[in-house]
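The values are calculated or read from the model by the stated rules, or taken from the named source; none is laboratory data. Bear in mind that the values here come from a model prediction, so they are computed numbers and not experimental data. Cβ coordinates were reconstructed from backbone atoms using ideal geometry, including for glycine residues, and neighbour counts include every protein chain displayed. Quick note on the areas: whole protein, heavy atoms, side chains included, nothing else; ligands and nucleic acids left out. Shrake-Rupley method; radii C 1.70, N 1.55, O 1.52, S 1.80 Å.
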Amino acid sequence: MPSDNNIEPPIKGAHASALPKAAEKILGVARDLFYRQGIRAIGVDEIVRRAGVTKPSLYRSFPSKDELAASYLRQYDLEFWDRFDEAVNAHPGDPRAQIHAFLTRVGKRTQKPDYRGCGMTNAAVEYPEHGHPARVVSEANKQELRRRLRAMAAAMGAGDADTLGDGLLLLIEGAYISGQLFGLGGPAQSVARNADLLIGASLKD
């Protein structure tokens, strides 16, 4: 379900369709607000008002705002890996091309108006306390991304695959943040090219 819209793709798929309609609506509204304005900045009152539901309706589906935030990020996680896997599946057996394809899309998204970076990264910054439900989901996503990038670096034949994988992760995280800071014409637009240069230099070692 990839998208180059300003916000990340909307909630779709079996996970969302399995929710009661009220819960799906609440989660959709919360997703938009959390992504654009930050989780801590948005209160439950604002969510129920925009969703056109009552607080009891919200709490029947999500025991707390923390659980609502974690639900938003779990859906975000599923959609993130859909986008990542699409790039992988488009270039079977060619991890360098897979990374280039994924980062080309990242670079394009960073140039959209009102780009707000990665919801996972933003949530980790908002919630420094380990064990917070939103933080737990974000950390798991980033750990898996690091694992996959290291494995892809090894598949390319890099002499120091872990260092290359970590370097690619740093480029990705830098694109997420600098995309918000610089916007159109900023350095994030060249994240795929910089990854190619880093990979090329690493494979020469």
### Query
List, please: which pairs have Cβ atoms under 8 Å, are six or more places apart or on different chains, and start with a residue in segment 144-172 that is within 25 Å of residue 82 (Cβ to Cβ) and end with one that is open to solvent by less than 60 Å² (accessible area, probe 1.4 Å) and among the acidic types (Asp, Glu)?
146/166; 149/166; 150/166
### Message
Which condition from (1) closer than 21 Å to residue 77 by Cα; (2) part of a loop (DSSP other than H, G, I, E, B) is the one that residue 185 breaks?
### Response
(1)
### Task
Scan segment 144-179 for residues that are among the β-branched types (Val, Ile, Thr), under 17 Å from residue 119 (Cα atoms) and open to solvent by 40 Å² or more (accessible area, probe 1.4 Å) and jot them down.
177
### Task
Please work out if residue 53 is farther than 20 Å from residue 141 by Cα and assigned to a helix (DSSP H, G or I).
no
### Task
Just give me the residues in segment 26-67 being open to solvent by less than 80 Å² (accessible area, probe 1.4 Å) and either among the charged types (D, E, K, R) or touching a residue at least 60 places away in the same chain (Cβ under 8 Å) (or both), in sequence order.
31, 32, 34, 35, 38, 39, 46, 65, 66, 67
### Task
Tally the residues that are more than 25 Å from residue 33 (Cβ to Cβ) and either buried (at least 18 other Cβ atoms within 10 Å of the Cβ) or touching a residue at least 40 places away in the same chain (Cβ under 8 Å) (or both), restricting the search to segment 98-143.
8
### Message
I need the full set of residues from segment 82-97 which are free of Cβ contacts under 8 Å to residues at least 60 places away in the same chain and either part of a helix (DSSP H, G or I) or among the aromatic types (Phe, Trp, Tyr) (or both), in order please.
### Response
85, 87, 88, 89, 90, 97
